Each structure stands twice: as C-alpha cells, then as structure tokens.
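Here's the structure, in structure tokens; my notes come after.
The values are calculated or read from the model by the stated rules, or taken from the named source; none is laboratory data. Being a predicted model, the structure only gives us computed values, none of them experimental. Neighbour counts run over all protein chains shown; Cβ positions are idealised from the backbone, glycine included. These area figures cover heavy atoms from the full protein model, side chains too; ligands, DNA and RNA do not enter into them. Shrake-Rupley method; radii C 1.70, N 1.55, O 1.52, S 1.80 Å.
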Amino acid sequence: MLLKGRNKYDMYRVMKSNIKLAPYLPETKTWSQETFLNMLNKYKSIVVKPNSGSLGRDVYFIYKKKTNYVIRVNKKRLVYPNVDAVCSYMKNIVGDKKFIIQKEIKLATIDNRRFDFRIIVQRRTRKKPWQVTGIIARRGGKGYKVTNRSRRGVALHLDVAMEKLNISGQAKTALVEEIKKVAIEASETLGKSFPKQRIFGVDIGMDQEGNLHIFELNRWPLLGGFKSLKDQSQYELIMKIKGKKKR
Ligand SMILES: Nc1ncnc2c1ncn2[C@@H]1O[C@H](COP(=O)(O)OP(=O)(O)O)[C@@H](O)[C@H]1O
Ligand SMILES: [Mg+2]
C-alpha cells in the first residue's frame, strides 16, 4: 500500500500486516473516547500521542491507579480522582486532531532513566538494499518519560549503553543483531509504501524483560544525537550514504 506524509497509524497498519514484525508492535488504535476507556481499563497504563509526531512534546502517559488516575506529560504530573475527569482532560487535548493510543511499554532503564534505541537505516538508491548505518541509545531527561533529545534526552554510544546495562559478549551480539534485523525488516516493509524513501530513523524500545518494541519509523530523522557523540564514525557514514555535504 502506498503511503504519504507522517501518518503513524497507517505505518503501524502496514508493519502489522507483516507477520515478522507483528510481535514487535505494541497494540495501537486511533483515538476515540470509547477506545481510550477500554484500553486504560485493559492495560492500566497507556500512551496517547499525535498521529503525526511531536518530537516527544505531546506524548501523554496515563495511569489507572488503585484510588486515582495520573497523567504524565513532559515534566508535569497531574492527578485526577476519577476516570471522567481524566477523559475530559484528554478529550480537550485531542480536540479534532488525530491522536493514537498505545499500551505503555515498561522500558528498561540506564542510570534510573528510561531509554530506547534510535537506528538509522539507509539505502544508497531505491534499488539498493537497506543497511543499518547508525545505532544509539537515548536516555530520557530527568522528570521526563520520553527519550527525545528535544525533551532533554541524551544520546549514548551503543557500547556505553551496553556497558551500563551489563550486557556483553554473546548477549550483546545477539541483542544488536536483533535490533538490526527488526529495523531492516521495518524499513524494507515501509520502503515499499514510500518508494522514494532512502532513510528511516527507527525508534525501538526494550522492555525490562529484554523484548524489543517498535515505537515508530521517522521519515525525516534528526541526526543531532549521532552528531553529539565524540565518536563521529556513524555520523560520517550516515552523511556519506545520504550523499550530501556535511551540515
Ligand atoms: N507505547 C509507549 N510505551 C512507552 N514509551 C513510549 C511509548 N510510545 C512512546 N514512548 C516514548 O516516547 C518517545 C516518543 O514517542 P514516539 O512514538 O517516538 O513519538 P515522537 O518522537 O514523534 O514524539 C519514544 O521514543 C519513547 O521513549
Ligand atoms: Mg520518536
């Protein structure tokens, strides 16, 4: 199916129809009040975010607790006594815009902060195979649930992240191979929907059991995280494959 723009739900549906990718995709639905209430009841913790992406800004984490409800967005923590109050708050945020709802993935942590992976996948021309040209870990900023750099997240070299996670040897090789395999499969799949696409920025989270989850594929990935590392080798490779002058 041909796609355009940055419609996360459309991209999710295309990926979900690939049986190799389906296990890596957190259940995702488009916003409706009914779906919101059902998913909050079912999972107790869900994420509501704009269908078109937001650099981590409008990502709402909503929790059903024993005696109340909590919303976390940016550095804010809002507490509500009942579900009606939460629902009307979110209805107001969503308005007539397109939002999606996912179950929350309980991300693994580094230095007590949540983190995820950003993988750059590129092809030299539309006919050449997709290849992974960069992987970093992104550690969330203090007080934030999201890991985006625009929300004070910090890019970590993959080796540093693995050391901090105490993953080495065979386990490290296996994890990196799985990350690459999933990122390439996702890019091959969405590459068919966007035939001219030559780069994707793949956001993949790892939960506390070590399972991987695809959050999204970015068609216009920011590269500042790679540029911020002392080791410039990945950044240089990415720019080389892009075939443009360094910025
Ligand atoms: N379902 C989820 N469970 C846990 N964390 C999430 C979930 N969705 C998003 N996040 C966190 O929020 C960040 C931003 O979400 P993302 O879907 O990449 O949207 P965008 O980057 O366009 O704002 C992710 O990198 C991740 O850290
Ligand atoms: Mg993202």
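Laid out as a table, the results:
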{"quantity": "Restricting segment 211-235 to residues that are assigned to a loop (DSSP other than H, G, I, E, B) and open to solvent by 30 Å² or more (accessible area, probe 1.4 Å), the residue that is nearest to ligand 2 (Cβ to nearest atom)", "calculated": "222"}
{"quantity": "Filter result (within 13 Å of ligand 1 (Cβ to nearest atom) and farther than 12 Å from residue 102 by Cβ) within segment 17-39", "calculated": "24"}
{"quantity": "Top-ranked residue of segment 24-47 - restricted to ones that are over 22 Å from residue 11 (Cα atoms) and either open to solvent by less than 30 Å² (accessible area, probe 1.4 Å) or among the aromatic types (Phe, Trp, Tyr) (or both), ranked as nearest to ligand 2 (Cβ to nearest atom)", "calculated": "45"}
{"quantity": "Enumeration of residues in segment 51-105 that are surrounded by 15 or more Cβ atoms within 10 Å (Cβ to Cβ) and of a type in the set (Lys, Arg)", "calculated": "64, 72, 103"}
{"quantity": "Residue satisfying all of: in segment 53-91; modelled with pLDDT under 95 and among the polar types (S, T, N, Q); farthest from ligand 1 (Cβ to nearest atom) among these", "calculated": "74"}
